[in-house]
Amino acid sequence: MPNNIENIELQFLTLSDYQELKSIMIEAYSNMPNSYWKEEHIDALIKKFPEGQVVIKINNEIAGCALSIILDYDKFDEHHTYKEITGNYTFSTHDPNGDVLYGIDVFIKSNFRGLRLGRRLYDYRKELAEKLNLKGIAFGGRIPNYHQYSQDLSPKEYIEKVKRKEIHDPVLNFQISNDFHPSKVLKGYLEGDEASNEFAVLLEWDNIYYEKKSKETATIKKIVRLGLIQWQMRLYKNLEELMQQAEFFVDAVSGYRSDFALFPEFFNAPLMADNNHLSEPEAIRELAKHTESIVKRFSELAISYNINIITGSMPEIRNDLLYNVGYLCKRDGSLERYEKLHVTPDEAKVWGMQGGTQLKTFDTDCGKIGILICYDSEFPELSRILAEEGMDILFVPFLTDTQNGYSRVRHCAQARAIENECYVAIAGSVGNLPKVHNMDIQFAQSMVFTPCDFSFPANGIKAEATTNTEMILIADVDIDLLRELHKFGSVRNLKDRRTDLFELRKR
């Protein structure tokens, strides 16, 4: 390792570098005579794909090199050989319109080893794959220590022992530490590689930012703006006056170009004031008569204000049974319904409310979302199922009367964000309704939670409203950060689950 490093630079390989490169290759492949690339090979690679051929120079001396091509990966058998991948070393297999960056070669000059230059070259390949919107990177990794164990271990057993750190393999250990995952064993991969018994490991890296090419004009947003309405409970003369207030908030959050407006659970409860002379079960059934009209109005607002509206929740009667439900009113005019699955003891005892049966994620122009009404957020298996279906954002409309009730929702919601590696937005009501039985007081602080890792707030709180104050809360969430967390997080709650010991499924 040189002592006086003045400059380290990553450059595109040029043909004028060849003679210096040749001497490094001869040294790197001393156990495989005459296996270095000829000048015509390097010339072909540079002409076909200049971005894929790079060198690292230290003090203007070549210290390492990486060579690669782009493949239409589906054209190749999963048990391919190096000769097949390179088109018999002509690189005729390179396809600028392909979908995978295939690593042809990486080598570091011996006196520059120990500087983590290989990591720099692989980082460049990853950045290139992202820049070119490729699915990922693949290559056949040599296992040069395998010949020492081949009498006792199959290639698969050898790889497992390397992964468990029982055997040290300098090449395979390096690839795994750089986020490449072994996919399969390739037999007869590289002719003359006696150290590996001509076996190789197909190593792959997935580009989490890859987007499948589409002819449609619509795209899935990556930065999503959430608008949470912390609703003040107050008396209204009629439905029209309540919807005027609702439209005011929709107008406000859409004015900030929000993608979602989230209303609280039972935000329309003030309309029960006119039926306070009735019993609680009768009063809430009267309230349910407004649900269809409210949903229709919200759907119209979603279209006219170009925003997806989550209507919180409302009572609804179906087959003479009372449910707590809400609607996702999309800005494209479509409607989706969600139900509260776990009704609270109070909802069942006072109102005779039934638990729903439907649990699912919803596709939106901002990706997959989930919606759990209040008490449902306190049951972790529900959100885990939604996470397994690809949920990025969980919305929780809630209604709590006391601080301890609110704390249950708040802390459970934050736990859902951490364990499911997703964003969670909660919105509740504040104030009081002295003329509505069973809805006397409200306590809320609307919030947006994140996972807890380096790319997110250290305390897992993206934004928070002022407690018990009518207001809106606007927050941006970055969906790509979730993709990075799933793959490279300090901990990976979804990936590391012991599904060999348990399973979670919905009926």
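The values are calculated or read from the model by the stated rules, or taken from the named source; none is laboratory data. None of these values were measured; they are calculated from a predicted model. Neighbour counts run over all protein chains shown; Cβ positions are idealised from the backbone, glycine included.
This table checks each residue for (1) of a type in the set (Phe, Trp, Tyr); (2) in contact (Cβ under 8 Å) with a residue 12 or more places away in the chain; (3) over 23 Å from residue 389 (Cβ atoms).
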| site | (1), (2), (3) |
| --- | --- |
| 444 | no, yes, yes |
| 463 | no, yes, yes |
| 476 | no, yes, yes |
| 486 | no, yes, no |
| 502 | yes, no, no |
| 507 | no, no, no |
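Results for (1) surrounded by fewer than 18 Cβ atoms within 10 Å (Cβ to Cβ); (2) modelled with pLDDT of 95 or more, shown as yes or no for each residue.
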| position | (1), (2) |
| --- | --- |
| 182 | no, no |
| 192 | yes, no |
| 210 | yes, no |
| 246 | no, yes |
| 249 | no, yes |
### Query
Residues in region 370-408 that are closer than 19 Å to residue 311 by Cβ and either in contact with an Asp or Glu (Cβ under 7 Å, 6 or more places away or on another chain) or among the basic types (Lys, Arg) (or both): how many?
5
### Task
Looking at (1) in the same structural domain as residue 129 (by TED's automatic domain parsing); (2) part of a loop (DSSP other than H, G, I, E, B); (3) touching a residue at least 12 places away in the same chain (Cβ under 8 Å), find the lone condition where residue 153 falls short.
(3)
### Task
Could you name every one of the strands (runs of 3 or more DSSP E) located completely within region 443-507 that has at least 2 residues being aromatic (Phe, Trp, Tyr) and closer than 16 Å to residue 223 by Cα?
none
### Message
With the structure loaded, tell me whether residue 431 is within 23 Å of the chain's Cα centre (by Cα), surrounded by fewer than 22 Cβ atoms within 10 Å (Cβ to Cβ), of a type outside the set (A, V, I, L, M) and in the same structural domain as residue 391 (by TED's automatic domain parsing) or whether it fails that test.
### Response
no
### Message
Can you pull out every residue in region 346-388 that is of a type in the set (Val, Ile, Thr), part of a strand (DSSP E or B) and touching a Gly at 6+ places or on another chain (Cβ under 8 Å)?
### Response
371
### Query
Considering only residues of region 443-460 that are more than 18 Å from the chain's Cα centre (by Cα) and among the aliphatic types (A, V, I, L, M), which is farthest from residue 254 (Cα to Cα)?
458
### Task
Hey, could you check region 274-290 for residues that are touching a residue at least 60 places away in the same chain (Cβ under 8 Å) and surrounded by fewer than 17 Cβ atoms within 10 Å (Cβ to Cβ) and say which is nearest to residue 367 (Cα to Cα)?
281
### Query
For region 424-438, what are the residues that are over 20 Å from residue 471 (Cβ atoms) and either touching a Ser or Thr at 6+ places or on another chain (Cβ under 9 Å) or in a strand (DSSP E or B) (or both)?
437
